[in-house]
Amino acid sequence: MERRPTPPSHPAQTHAVPPEVRTAAVTVDERGVVTGWSDGARLLLGYPPAEILGQRAARLLAGPDPDSWRKAAAEPRWSGTAALRHRDGHRLDRDVLVHRRPSGERPGGTEWLVVSAVTGPAADSAGRALGEWAFQQSPCVSAVFDEELRLARASVTTQRTLHLAEGMMRGLRLTDIVPNEGSAEAESRMRRVLDGAGPQEIRLHLDPADPERTWHAWLMPLADTGGRVRAVALTAHADPSQQLVRRRMLLLSDAGVRIGTSSDVQRTARELAEVAVPAFADECAVDLLDTPRHGTPPSDGVALRRAAVRSVPDGPPLPGPSGDVLRCPPWSPSGRCLAEGRGTVYPGGDEVVSRWAREDPQAAAWVLASGAHSLMAVPLRAGDITFGVALFARGGRTEPFDADDLWLAEQLAARTATSIQGAAHVRRQHTTTMTLQRSLLPQTLPQQAALDIATRYLPSVGQAGVGGDWFDVIPLSGTRVALVVGDVVGHGMRAAATMGRVRTAVRTLADVDLPPDELLSHLDDLVVHLSAEEAGDGDASDTAGGVGTTCLYGVYDPVTRRLCVARAGHPPPAVVTSGAVRFLDVPAGPPLGLGGLPFESYETELPEGSLIALYTNGLLEPREHDIDDALDTMFAALARPAQSLDTVCDRVLTSMLTHRPDDDIALLVARTRALHADRVATWELPFDLAAVAQARRLATEQLTVWQLEEAAFITELVVSEMVTNAFRYGRPPVRLRLIHDDHTLTCEVFDSSNTAPHMRRAHTYDEGGRGLLLVGQLTRRWGTRHAGTGKTVWAEQYLAEG
């Protein structure tokens, strides 16, 4: 049982803990054994110390919650609701706070302190009254502690700082909430306040997520209408020096986002001025060299052009950048900055600044107009290249620039210079974008038995750069295959990156086996989020926010020979059957990124050997003929017989294009195969656990017919586990299906329940939980496929050659 030392108090006043308020405190060692048991714990759960000390702590739990308690054991502090068992057997759901700390009995060991407040109706009523007084008198981050130094109220800001809800903390001492030396000292000071010593001042560490952060706190008495001190209010704010550091770090973070958003040098200079004013300076001017200089500029002065000027909104109007050449004397703040390659701070009355204002009014007029009392000049340098100089001034605010401000200005200038330097690498970025685009496209087509496939991708040669067209082929369960073609709006690096994100999302959603219309709905949500992320960028030439992105997604099943397709603003697929070419009548869904609009699927049966053509709109761009002529040309190319699909792709591109395209083109051509009845076996099983043996026998007999006896052992285990799960947790009817193609053997079990199974780790004495783990170990992959009613659990085995 843990006992806390009572803080010293005034001898004339004692503070006994009332029976309705206690702290239930329990300590548990590394073995999970109870080593400490407070009187509050006895009142809460009914166990006397002699009956519980040395026993397993799991005895106190009403139900297992391994995830929560595992997390509690791994973290320095954990809070949550625990289901506890009273000595008389009834269940108690209590909010608990768990601290991990060094063991007091074994050096190097660890123990856990679990605390919870035991309160009664009288304590709750008093807490409400004290809270009302506290929040009438405390203007900032605050908490109220009653006469027993137990928390009665906490402001919203206090809850955010401590990362705990008020209900979790109410009734606990500060040393229970934040167990550190500062809290113990604070409790001692609180006792003095209650004894009439008046307000106290102290420094605390309140934020567990930032233990280095110091809070300046005051402890103030709260008196009732009769003048009696009834509680202590704790108010605190962060240390001012730390706040200044945080503001500077936030400014650097803001600069990293706002400076260098385009390849326009003038715009980059304006972005530096916009970041600096008013957050850092009252005025800012950015002057650039006509030609960037390697090494140190000449000492006899250089020519600069003013690229940006900005002042605080309530400051004096400053002359805007005229683009005129400014001759920079070598002794001026700008000249010295460029020659020495480092920044300098000048007081407003400095002789250099005064001379500069007299002899070069064209360049220094803004300094005189602003009435600046502190000036700073910083070079714009990236490596050994100098691009210009940035000038910062303060006139409205009283504090002058110091050494820390100079360091911050140098960081802003370096960020700007790096962005300007990056504008010279547009061609290199184009090559990089091309490499990224091609790396995100499929490098090889996956092995599958449903379709013969050929693809082509042609990047654009326009000035806008590489676009975001892509295609994909995704094997699904049950020998089905998904075909995808899409076009991300925009060009350049971001378009290629967005394409990669969208393509990855499609593959992830396809693995969940969503129907085409549902998959596009989820993809639409993703593009909406991507668009929100890009909304602040105004460089349309290099953005791909996502609004207007198109996609076509189709799933072909070789067992039923059915193709299910949905599209989002994308051209419909063309199908060739018996020499006749037609568009599939797929409903035209909206482009991705508009949000909230529905998509519809279209399903059709295709004869074996049908040709499917998916493409992006770059193929149909009307150049020398209208769109009808383009369609006729494409249909004619698809209808002509060809020995291979590669020939079909080349013929389509050759007939449609007269020169390199101005927009990307992705083309995917597939020829359907069929998995005939002799490769598929289906049985409907009676809804009885006794039918598991029948299912194993049927599967073994079918494998004998297919001459796959070597796969019988694993297949029997997989069928047994999956059929047993269907009988235990599903609903009739239950169907077993085996599918055998050239490389895989697929086992599928259908039932009409929508409850999906999931893999879990069985404990030593658990009777269940090992079935799906066994299936996952024995097969290449497994999963669940949902339909309108019911689900199919499937597992695939890879069949080796021969």
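Scanning the stretch 102-119 for residues that are surrounded by 15 or more Cβ atoms within 10 Å (Cβ to Cβ) and under 38 Å from the mean Cα position of the chain (by Cα) yields S103, E111, W112, L113, V114, V115, S116, A117.
In the set D539, D513, D524, only one residue is modelled with pLDDT of 90 or more and more than 16 Å from the chain's Cα centre (by Cα); that residue is D524. Of all residue pairs spaced 6 or more apart or on separate chains, those with beta-carbon atoms under 9 Å, a first member in the stretch 138-150 that is within 13 Å of E166 (Cα to Cα) and a second member that is assigned to a loop (DSSP other than H, G, I, E, B) and at pLDDT 85 or above are R150/R170; R150/G171; R150/L172.
With respect to the conditions (1) within 23 Å of A417 (Cβ to Cβ); (2) outside any loop (DSSP other than H, G, I, E, B); (3) at pLDDT below 85; (4) in contact with a helix residue (DSSP H, G or I) (Cβ under 8 Å, 6 or more places away or on another chain), D290 lacks only one, and its number is (4).
Table: residues versus (1) in the same structural domain as A666 (by TED's automatic domain parsing); (2) buried (at least 16 other Cβ atoms within 10 Å of the Cβ); (3) part of a loop (DSSP other than H, G, I, E, B); (4) modelled with pLDDT of 90 or more.
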residue	(1), (2), (3), (4)
R582	yes, no, no, yes
D585	yes, no, yes, yes
G596	yes, no, yes, no
F599	yes, yes, yes, yes
T604	yes, no, no, yes
L614	yes, yes, no, yes
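Residues that are touching a Leu at 6+ places or on another chain (Cβ under 8 Å) and crowded, with 24+ Cβ neighbours inside 10 Å were ranked within the stretch 485-501; the one that is nearest to T560 (Cα to Cα) is V485. Highlighted here are the helices (runs of 4 or more DSSP H) found entirely within the stretch 145-239 that include at least 1 residues which are among the polar types (S, T, N, Q), over 18 Å from T119 (Cα atoms) and modelled with pLDDT of 85 or more: 181-194. Restricting attention to the stretch 770-784, and to residues there that are of a type in the set (V, I, T) and surrounded by 19 or more Cβ atoms within 10 Å (Cβ to Cβ), which single residue is modelled with the highest pLDDT? Out of the qualifying residues, it is T779. Does P278 fit the bill of being over 26 Å from H373 (Cα atoms) and either surrounded by 15 or more Cβ atoms within 10 Å (Cβ to Cβ) or at pLDDT below 85 (or both)? Taking the combined requirement at face value, the residue does not satisfy it. From the list T444, T433, the one residue that fits, being more than 30 Å from V559 (Cβ to Cβ) and either at pLDDT below 85 or touching a helix residue (DSSP H, G or I) at 6+ places or on another chain (Cβ under 6 Å) (or both), is T433. Which ranges mark the strands (runs of 3 or more DSSP E) fully within the stretch 1-101 that have 1 or more residues being under 37 Å from the mean Cα position of the chain (by Cα) and either surrounded by 15 or more Cβ atoms within 10 Å (Cβ to Cβ) or at pLDDT 85 or above (or both)? Counting at least 1 such residues, we get 21-29, 77-85.
Here E399 meets each of (1) assigned to a helix (DSSP H, G or I); (2) at pLDDT below 85 with one exception, condition (1).
Among the criteria (1) modelled with pLDDT under 85; (2) within 30 Å of E533 (Cα to Cα), the one C328 does not fulfil is (2). So is D650 in contact with a Pro (Cβ under 9 Å, 6 or more places away or on another chain) and not in a loop (DSSP other than H, G, I, E, B) or not? Against the criterion (in contact with a Pro (Cβ under 9 Å, 6 or more places away or on another chain) and not in a loop (DSSP other than H, G, I, E, B)), D650 does not qualify. Looking across the stretch 616-647 at every residue that is among the charged types (D, E, K, R) and outside any helix (DSSP H, G or I), the one that is nearest to S460 (Cα to Cα) is identified as E621.
Residues are listed down the side, and each one gets a yes or a no for (1) surrounded by fewer than 19 Cβ atoms within 10 Å (Cβ to Cβ); (2) aliphatic (A, V, I, L, M):
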residue	(1), (2)
A670	no, yes
A674	yes, yes
F687	yes, no
Q694	yes, no
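Among the residues of the stretch 247-261, none is identified as surrounded by 18 or more Cβ atoms within 10 Å (Cβ to Cβ) and either farther than 13 Å from R415 by Cα or charged (D, E, K, R) (or both).
Against the list (1) under 19 Å from D314 (Cα atoms); (2) over 45 Å from the mean Cα position of the chain (by Cα); (3) at pLDDT 85 or above, the condition W356 fails is (1).
The residues listed here are I665, I739; of these, the one that is at pLDDT below 90, of a type in the set (V, I, T) and crowded, with 18+ Cβ neighbours inside 10 Å is I665.
Could you tell me whether any residue of the stretch 655-663 is assigned to a strand (DSSP E or B) and either assigned by TED's automatic domain parsing to the domain that holds G579 or closer than 30 Å to R735 by Cα (or both)? The answer is no, given that none of the residues of the stretch 655-663 is assigned to a strand (DSSP E or B) and either assigned by TED's automatic domain parsing to the domain that holds G579 or closer than 30 Å to R735 by Cα (or both). Scanning the stretch 569-580 for residues that are outside any strand (DSSP E or B) and on the phi < 0 side of the Ramachandran plot gives H570, P571, P572, P573.
The single condition among (1) acidic (D, E); (2) over 25 Å from T577 (Cα atoms); (3) surrounded by fewer than 20 Cβ atoms within 10 Å (Cβ to Cβ) that D646 does not meet is (2). Surrounded by fewer than 18 Cβ atoms within 10 Å (Cβ to Cβ) and in a helix (DSSP H, G or I) - does that describe any residue in the stretch 371-394? No - not one qualifying residue is present in the stretch 371-394.
The values are calculated or read from the model by the stated rules, or taken from the named source; none is laboratory data. Since the model is a prediction, treat every value here as computed from it, not as a measurement. Reconstructed Cβ throughout: ideal geometry from the backbone, glycine too, with neighbour counts over all protein chains shown.
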